[in-house]
Amino acid sequence: MNEQIASIQSAALELIAAASDERSLDDARVAVLGKKGTLSLAGALIKDIPNEEKAAFGQSLNSARTAITAALEEKQNALQAIADAAALSGIDLTLPARAHPTGSLHPLTLIRDEAIQILRRMGFALADGPEIEDEYHCFDALNTPADHPARNEKDTFYFNSGKLLRTHTSSVQIRTMESSTPPIRIIAPGSAYRRDEIDATHLSVFNQLEGLFVDTDVTLPDLKGTLEYFLREMFGTSTEVRFRPHFFPFTEPSFEIDVKLQIKGQAPRWIEVAGCGMVDPAVFESINATRKDNALDPGKVTGFAFGMGLDRLAMIRWGIKDIRLLIENDVRFLKQFA
Ligand code: DAH
């Protein structure tokens with residue numbers, strides 16, 4: 001190797017070895033390889049060198065550049081490793097990570113999904129209908145005449161168009177029977193609206209789950225068995241269930257269903273969770289009239305229907321005393337369901 005270049009190389013390697021931080025290493029790089037660096041200046045001399053020595057000189061230059069570049073890189077890595085170790089000193093990597101708060105499903109979503117799962121196991125399929133309904137599907141087809149109190153302006157949200165926000169999910173029964181033929185076995189969870197004064201047990205927007213089963217010989221024991229089974233799946237096998245005779249225009253006979261609520265430290269009490277009954281033949285007749293056929297021949301088919309309050313089910317399940325908690329989105333409340 002050319003002597004001059006050999007001495008430039010060894011000076012450069014010393015400089016690199018002496019560099020104690022990134023900055024002095026960078027200075028060393030510039031001092032050797034920079035435009036006016038020692039090796040660059042030596043390289044410029046090649047033009048004054050006799051032709052027969054040019055190749056050997058060029059080789060010396062190249063091998064010096066390779067050695068210096070490798071030394072720079074090695075030193076750079078070593079300095080980085082020292083800097084990393086310093087940055088990590090005092091940090092205990094074995095400590096558990098800080099917990100991130102995660103979201104959770106709303107209690108109403110939980111109870112709705114659970115109700116759907118139980119009923120789907122019994123063969124009920126999901127059905128849907130509009131929340132902005134007409135009076136026909138919400139009332140008339142459900143055998144509820146114009147003078148029925150449920151149709152009072154004070155109880156229902158009417159639009160100028162004459163449409164209304166459905167007061168119950170029972171309208172989905174009608175829409176389903178209009179578009180399908182028995183056997184029909186559906187459930188329809190969804191919102192319902194009423195002009196109720198908001199208090200601990202009432203909201204003007206609430207949630208129901210409607211059910212309908214129509215086939216050639218559906219009986220009252222089928223209705224009872226289905227709903228008792230459902231409520232015991234929901235609240236435990238020893239849950240006491242009571243069917244109380246009631247009146248609904250679209251079922252005959254009709255019942256309200258109560259569940260016995262046993263909260264620790266409180267006297268047990270009955271709480272209403274659903275309305276139900278055997279589909280009134282008048283409902284089948286009005287659907288046949290719309291369909292212009294006799295697909296729901298009251299002489300051949302029977303059915304049962306039920307509508308339950310999902311908010312109620314959630315309140316019973318978790319002992320929630322005030323229904324307003326379900327819409328306030330208070331994280332202290334919601335995170336108890338995470
Ligand atoms: N739609 C009724 C309500 O909102 C509940 C109901 C009662 C639904 C009897 C039914 C039923 O399907 O058969 O109060």
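The values are calculated or read from the model by the stated rules, or taken from the named source; none is laboratory data. Being a predicted model, the structure only gives us computed values, none of them experimental. Cβ placement follows ideal geometry from the backbone for every residue including glycine, while neighbour counts extend to all protein chains displayed. Heavy atoms of the whole protein, side chains included, go into the accessibility calculation; ligands, DNA and RNA do not. Shrake-Rupley method; radii C 1.70, N 1.55, O 1.52, S 1.80 Å.
Condition first: among the basic types (Lys, Arg) and in contact with a Pro (Cβ under 9 Å, 6 or more places away or on another chain). Can you find one or more residues in the stretch 92-112 that meet it? Break it down stepwise before answering.
Taking the stretch 92-112 as the starting set, the residues that turn out to be among the basic types (Lys, Arg) are 98, 112.
Filter once more, so that each one left must be in contact with a Pro (Cβ under 9 Å, 6 or more places away or on another chain): 112.
Yes; the residues of the stretch 92-112 include at least one that is among the basic types (Lys, Arg) and in contact with a Pro (Cβ under 9 Å, 6 or more places away or on another chain).
Among the residues of the stretch 269-310 satisfying the criterion of being away from the ligand (no atom under 14 Å from the Cβ) and among the polar types (S, T, N, Q), which is surrounded by the most Cβ atoms within 10 Å (Cβ to Cβ)?
Checked the stretch 269-310; the qualifying residue surrounded by the most Cβ atoms within 10 Å (Cβ to Cβ) is Ser286.
Of the residues that sit in the stretch 1-37 and are within 20 Å of Gln76 (Cα to Cα) and polar (S, T, N, Q), which one is surrounded by the fewest Cβ atoms within 10 Å (Cβ to Cβ)?
It comes out as Ser20.
Look through the stretch 236-266, keep the residues that are touching a residue at least 12 places away in the same chain (Cβ under 8 Å) and outside any strand (DSSP E or B), and return whichever of them is farthest from the ligand (Cβ to nearest atom). Walk me through how you get there before you give the answer.
Filtering the stretch 236-266 down to residues touching a residue at least 12 places away in the same chain (Cβ under 8 Å) leaves 239-244, 246, 248-261, 263.
Restricting the remaining residues to those that are outside any strand (DSSP E or B) gives 239-240, 249-250, 263.
Numbers: Thr239: 20, Glu240: 21, Pro249: 9, Phe250: 6, Ile263: 25 Å.
Of everything passing the filter in the stretch 236-266, Ile263 is farthest from the ligand (Cβ to nearest atom).
Restricting the search to the stretch 138-152, which residues are open to solvent by less than 60 Å² (accessible area, probe 1.4 Å), modelled with pLDDT under 95 and assigned to a helix (DSSP H, G or I)?
Across the stretch 138-152, the qualifying residues are Ala150, Arg151.
Name the residues in the stretch 202-235 that are part of a loop (DSSP other than H, G, I, E, B) and open to solvent by less than 70 Å² (accessible area, probe 1.4 Å), would you?
So in the stretch 202-235, the residues part of a loop (DSSP other than H, G, I, E, B) come out as 203-204, 216-219.
Hits for the stretch 202-235 are Leu203, Ser204, Val218, Thr219.
Just checking, which of Leu220, Leu209, Leu227 is within 13 Å of the ligand (Cβ to nearest atom) and in contact with a Leu (Cβ under 7 Å, 6 or more places away or on another chain)? Outline the logic, then answer.
Working: Leu220 fails: in contact with a Leu (Cβ under 7 Å, 6 or more places away or on another chain); Leu227 fails: in contact with a Leu (Cβ under 7 Å, 6 or more places away or on another chain).
Residue meeting the stated conditions: Leu209.
Per-residue answers, yes or no, for (1) open to solvent by 70 Å² or more (accessible area, probe 1.4 Å); (2) in contact with a Lys or Arg (Cβ under 7 Å, 6 or more places away or on another chain); (3) of a type in the set (Ser, Thr, Tyr):
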residue: Leu119; (1), (2), (3): no, no, no
residue: Tyr136; (1), (2), (3): yes, no, yes
residue: Asp155; (1), (2), (3): no, yes, no
residue: Lys163; (1), (2), (3): yes, no, no
residue: Arg166; (1), (2), (3): no, no, no
residue: Ser171; (1), (2), (3): no, no, yes
residue: Pro183; (1), (2), (3): yes, no, no
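For residues that are in a loop (DSSP other than H, G, I, E, B) and of a type in the set (Asp, Glu), scanning just the stretch 161-200, find the one that is nearest to the ligand (Cβ to nearest atom). I'd like the intermediate steps shown before the answer.
In the first step, residues of the stretch 161-200 are kept if they are in a loop (DSSP other than H, G, I, E, B); the result is 161-163, 166-170, 180-183, 194-198, 200.
Keeping just the survivors that are of a type in the set (Asp, Glu) gives 196-197.
Details: Asp196: 12, Glu197: 17 Å.
Checked the stretch 161-200; the qualifying residue nearest to the ligand (Cβ to nearest atom) is Asp196.
Hey, among the residues in the stretch 267-296 that are assigned to a loop (DSSP other than H, G, I, E, B) and more than 40 Å from the chain's Cα centre (by Cα), which one's nearest to Phe247 (Cα to Cα)? Steps first, answer last, please.
Within the stretch 267-296, the first condition is being assigned to a loop (DSSP other than H, G, I, E, B), and the residues that meet it are 267-268, 280, 292-296.
Checking which are more than 40 Å from the chain's Cα centre (by Cα) leaves us with 292-294.
Details: Lys292: 29, Asp293: 29, Asn294: 27 Å.
Going through the qualifying residues, I end up with Asn294.
Going through the stretch 316-338 one residue at a time, which ones are touching a residue at least 60 places away in the same chain (Cβ under 8 Å) and either assigned to a helix (DSSP H, G or I) or loosely packed, with under 14 Cβ neighbours inside 10 Å (or both)?
Step one: filter the stretch 316-338 for residues touching a residue at least 60 places away in the same chain (Cβ under 8 Å), giving 316-318, 320-324, 326-327, 334-335, 337-338.
Hits for the stretch 316-338 are Ile316, Arg317, Trp318, Lys321, Asp322, Leu326, Ile327, Leu334, Lys335, Phe337, Ala338.
Condition first: within 15 Å of Glu210 (Cβ to Cβ) and open to solvent by 50 Å² or more (accessible area, probe 1.4 Å). Now tell me which residues in the stretch 106-117 satisfy that.
Within the stretch 106-117, Arg112 is the sole residue that qualifies.
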